[in-house]
Amino acid sequence: MNNNKRSQARSSPINRPNPHWRLRWLALGLGLLVLGMVMASTQAPGQPSPRQTALPSGAPLEHRQLALPERPQAQRRATAGTAEPAQRRALAWRELVVERGDALARLLREAGVAQPTIHALVRARPHGAALSRIRPGDRIRLALDGAGSVQRLVLQRQPDRRLVFNREADHFASARVHTPLERRLEHASGVIDESLSAAGGRAGLSDGLITDQHVRDGAIVAAEFVNRGERHRAVRYTDHDGAAAYFAPDGTSMRKAFLRTPVEFTRISSGYGQRYHPKLGRMSNHHGVDYAAAPGTPIRATGSGRIAFRGRNGAYGRFIVIRHGERYSTAYGHMRGFASGRRTGSRVSQGDVIGYVGNSGRSTGPHLHYEFRVNGAHKNPLRVSFPPMDTIPSSQRVAFDEKAQPRLAMLDTLARTFAALDR
Ligand SMILES: [Zn+2]
């Protein structure tokens, strides 16, 4: 499915020196465009000048929150007098990863570092002592000159912090270097067939930063997807209580009050409506959907609410009914057992496990019988349209718009660019 070759061939007309540009995969079904936050430290070791990510022209630059700082004073001092650029290029870098039980002296000896050099390193001022306190997971990078002599040692403990030791004739000078992480907005495009975040990952949201030091991916902050020609957009918004969720530009939640299916099933063994009932031997109306699944498969509440019934109920076998406010209720039958700690009247949240797939009641094999009712009337759970979960409250509407607008504008820019490429 990945159309990388073609994408690269088509990227040339953009004529923009942006290594992170991702082109849309040609695909059937759902097209996806995502903007995501990425944390990166721009100064990779041994790389004299950091790379900058170019954002598409016309895009708001407010996302470039942390500009690259001046090189810290200490490091400049430490670097002075050591390798000139030409000379530095001749250095060979080697990386050692500290494992449990490693001691610095042995690690360096095994890497071929001479004993006097090891001594000089641990005596280096002011940070030499830190070298005797290395921990599993620390990274040590050595820069060796043509003669195999250590010119520089970098001890990296965290993505944004390292100690640098530079050779100055017969001793080493050391400095602590702090490179603030830069938050960047990256964009990607691809195809959804699982979740938004999985698709974002596959679309290359994380591998766009190989040239720099990629630290971690943040959240997808905005997305656009096209389903059967219809354009949908979602923006991430963190409300005043700190809860983050995705909303449409008009402030309605992208989440629905109900999950479509309560169980991971192998197949739908019986749909909703008229069917021949194998046990009754005649046509009957099936008020729910049967999901065949392995016995013991967890069953989840499709919506938040209260357990209205939990127990045995004739043909339903072990049965649970959940009430979701005034209008809605859902029902789950043929369970092998109930999840512990819940009884009639207990509150459940969407996605909570309420029981396990079984074969109790009038059932020909392990499956979940699931019903969806609106004002007491059965509806096809696979067809009924669900209400949205919540909308942005009016008190946060201004804050939401302020956050959403620049991101939607960026999606506009990206969408226009892709449209131009498609011509
Ligand atoms: Zn059924």
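Among the candidates G345, G311, single out the residue that is at positive phi and in a strand (DSSP E or B).
Step by step, each of G345, G311 is checked, and only G311 is at positive phi and in a strand (DSSP E or B).
Yes or no: H334 in contact (Cβ under 8 Å) with a residue 12 or more places away in the chain and within 15 Å of the ligand (Cβ to nearest atom)?
Yes; evaluated as a whole, the condition is true for this residue.
Can you tell me which of V384, V353 is of a type in the set (A, V, I, L, M, F, W, C), under 30 Å from P249 (Cα atoms) and without any contact (Cβ under 8 Å) to a residue 60 or more places away in the chain?
It is V384.
Scan the range 278-290 and give yes if some residue there is open to solvent by less than 80 Å² (accessible area, probe 1.4 Å), under 18 Å from G358 (Cα atoms), out of contact with any Ser or Thr (no Cβ under 6 Å at 6 or more places or on another chain) and within 16 Å of the ligand (Cβ to nearest atom), otherwise no.
Yes: the range 278-290 contains one or more residues that are open to solvent by less than 80 Å² (accessible area, probe 1.4 Å), under 18 Å from G358 (Cα atoms), out of contact with any Ser or Thr (no Cβ under 6 Å at 6 or more places or on another chain) and within 16 Å of the ligand (Cβ to nearest atom).
Would you check if there is a residue in the range 381-392 being more than 15 Å from I320 (Cα to Cα), open to solvent by 50 Å² or more (accessible area, probe 1.4 Å), assigned to a strand (DSSP E or B) and within 14 Å of the ligand (Cβ to nearest atom)?
no
For the range 337-351, which positions are closer than 20 Å to V289 by Cα and either within 12 Å of the ligand (Cβ to nearest atom) or buried (at least 16 other Cβ atoms within 10 Å of the Cβ) (or both)?
F338, Q350
Taking the condition of being over 19 Å from R318 (Cβ atoms), assigned to a loop (DSSP other than H, G, I, E, B) and within 15 Å of the ligand (Cβ to nearest atom), how many residues in the range 352-380 meet it?
Matching residues across the range 352-380 total 1.
Hey, could you check the range 296-306 for residues that are within 16 Å of the ligand (Cβ to nearest atom) and more than 22 Å from P388 (Cβ to Cβ) and say which is most open to solvent (accessible area, probe 1.4 Å)?
Across the range 296-306, the extreme among qualifying residues is T297.
Taking the stated definitions as given, is I268 in contact with a Gly (Cβ under 9 Å, 6 or more places away or on another chain), in a strand (DSSP E or B) and either within 16 Å of the ligand (Cβ to nearest atom) or under 28 Å from R343 (Cβ atoms) (or both)?
no
With the requirement that a residue be open to solvent by 60 Å² or more (accessible area, probe 1.4 Å) and within 17 Å of S329 (Cβ to Cβ), what does the range 242-258 give you?
Matches in the range 242-258: K256 only.
Identify, by number, the condition in (1) open to solvent by 20 Å² or more (accessible area, probe 1.4 Å); (2) closer than 24 Å to G358 by Cβ that R231 doesn't meet.
Unmet for R231, out of (1) open to solvent by 20 Å² or more (accessible area, probe 1.4 Å); (2) closer than 24 Å to G358 by Cβ: (2).
For the range 95-194, list the strands (runs of 3 or more DSSP E) that sit wholly inside it and hold at least 3 residues that are modelled with pLDDT of 85 or more and on the phi < 0 side of the Ramachandran plot; which are they?
139-144, 150-158, 161-168, 171-178
Given the criteria in a loop (DSSP other than H, G, I, E, B) and open to solvent by less than 70 Å² (accessible area, probe 1.4 Å), does R275 qualify?
Against the criterion (in a loop (DSSP other than H, G, I, E, B) and open to solvent by less than 70 Å² (accessible area, probe 1.4 Å)), R275 does not qualify.
The values are calculated or read from the model by the stated rules, or taken from the named source; none is laboratory data. All values reported here derive from a predicted model rather than from experimental measurement. A quick note on method: Cβ atoms are made from the backbone with ideal geometry, for glycine too, and the neighbour counts reach across all protein chains shown. Note: areas computed on protein heavy atoms with side chains; ligands, DNA, RNA excluded. Shrake-Rupley method; radii C 1.70, N 1.55, O 1.52, S 1.80 Å.
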